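Q: Quick one: this structure, given as structure tokens, is what I'll be asking you about.
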Amino acid sequence: MIKESLIHQAFEVAVERYAAVGVDVHKALNDMQKISLSLHCWQADDVSGFENQGNSLSGGIQVTGNYPGRARTIDQLRADILKAKSYIPGRHRLNLHEIYGDFQGKKVDRDAVEPKHFESWMQWAKVNDFKLDFNSTSFSHPKSGDLTLANPNDEIRNFWIEHTKRCRLISEEMGKYQNDPCMMNLWIHDGSKEVPANRLRYRCILEQSLDDIYSADYKNMKDCIEAKLFGIGLENYTVGSYDFYLGYGVKKNKIVTLDTGHFHLTESIADKVSSLLLFTPEIMLHVSRPVRWDSDHVVTLTDDLLDLAREIIRCNALDRVHIGLDYFDATINRIGAYVIGSRATQKAFMQALLDPIRLLCQYEDESKYFERLALQEEAKSLPWGAVWDMFCLQNDVPVGESYINEVERYEKEVTGKR
């Protein structure tokens, strides 16, 4: 346990050090308090859901590892999420996939799902100070195959159109209930292992499907469309590519989702932010860590993540960027994975809020590029960790590594007995 007096002492030093380069630490702390992450429910149970227990994953989704203690019931999942939340400073949201409905053991196919299947989630979220976000689920279903919304087969395509329409309605009811818009993300795995005879054909079908899905206007939810580079088993062609969804988003005024694992490893996701902000209403982020493309490793404090956070802050776009997490690691303690990834994402934004941006801009305006680069480098070693510790202390969550023992205790007392 870190002594509280030491945290305060280090914080006061940090306040002075940052003031010397024109940064108001107290303002940064206040701004940090406003940043909410949308925690992903699927980290706690390896993307299994409650639709039909025992189904294997398909449609480009894979989870590696078999660490003991996976949540197997809705009560276990909720308990694990609350435990993880207790170690993450700030107020946050919860992101659900459709397969996590409270189906009460009944078989409900995806074209029949209704808001009533998520009423208990809405009630639980309100009691536990969560706002909900939502996703349609096109994978791991007998009608998934290689194509869903881009399928030329009318029966299969209409099944998925109906499913997605119902997910939008559920999102609307969630937003209405919580008096805050529910972000409804659409991602499909549609593609081809080899090059198709006609790429345009399937993109025309997908555009028509989306137009049908989005024909109803809602006030309490926001639509997000998520691209992918390629899918496992569908390596040569992805119907819903970044270019497709960027074009559709600009044309139809939709929010484009940037998943940090869905691009080529050498692409800068940060560089896309300023362009998207010019032409689309908002941005949705799905933050993961791609080691070899979309491997969805637990998020850590990498240069790429820092660059992304800094770009959002420098664009003054916190009110237009929604930050969700999207990784699933079954090789380590799942609650620990939640906490590591969430806190790493927050640390990136903490550092971004503490950047001496006004002085950097001044140097740039005066063509003092040596000074700009020097300050960028020196800022990396400023005592941001002391400010982070104070943020944790103010939010009554474990400071530093002290949460490790608490996660281990929960494993011994709860998840290890499953």
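The numbers here are math on the coordinates, done by the rules we state, and not lab data. In this text the structure is predicted, and so the values were computed from the model without any measurement. Every residue, glycine among them, receives a Cβ derived from its backbone with ideal geometry; neighbour counts consider all protein chains shown.
Q: What percent of all Cα-Cα pairs in the chain falls into each 20 Å bin, going from 0 up to the bin containing the maximum distance?
A: Spelled out per bin, shortest first, that is 26, 57, 17, 0.
Q: If you take the Cα Rg of the stretch 243-301 and divide it by 2.2 N^0.38 Å, with N the number of residues, what do you get?
A: For the stretch 243-301, the normalised Cα radius of gyration is 1.17.
Q: Also, quick follow-up: Using Cα centres only, tell me the gap between the stretch 78-96 and the stretch 199-228 in whole Å.
A: If you average the Cα positions of each part, the centres end up 30 Å apart.
Q: Compute the longest continuous run of the chain that contains no exposed GluC sites (Glu not before Pro); treat a site as exposed when its DSSP state is not H, G, I, E or B and it has at most 11 other Cβ atoms within 10 Å.
A: 1-193
Q: Tell me, I313, I404 in order of fewest to most beta-carbon neighbours within 10 Å?
A: Taking fewest neighbouring Cβ atoms as first place, the list is I404, I313.
Q: While we're here: Once all Cα-Cα distances of the stretch 84-231 are split into 10 Å bins that start at 0, what whole-number percent is in each one?
A: Histogram of Cα-Cα distances, whole percents per bin: 11, 39, 31, 15, 4, 0.
Q: Now for a separate question. Return the subset of K83/K412; K83/K219; K85/K176; K165/K193; K27/K254 for which the Cα-Cα distance in this structure is over 21 Å, preserving the input order.
A: Numbers: K83/K412 14 Å; K83/K219 33 Å; K85/K176 24 Å; K165/K193 28 Å; K27/K254 32 Å.
In this structure, K83/K219; K85/K176; K165/K193; K27/K254 exceed 21 Å between Cα atoms.
Q: Let me ask something else about it. At q = 0.16, 0.20, 0.25 Å⁻¹, what base-10 log of I(q)/I(0) does the Debye formula yield for the stretch 90-163 when every alpha carbon is treated as an equal point scatterer in vacuo?
A: -0.65, -0.88, -1.13
Q: Do the sum for the chain: with -39,500 (n - 2.57) for every DSSP H run of n ≥ 4, divided by all residues, what is the mean residue ellipticity at 222 nm, to the nearest 500 deg cm²/dmol?
A: Result for the chain: -13500 deg cm²/dmol, rounded to the nearest 500.
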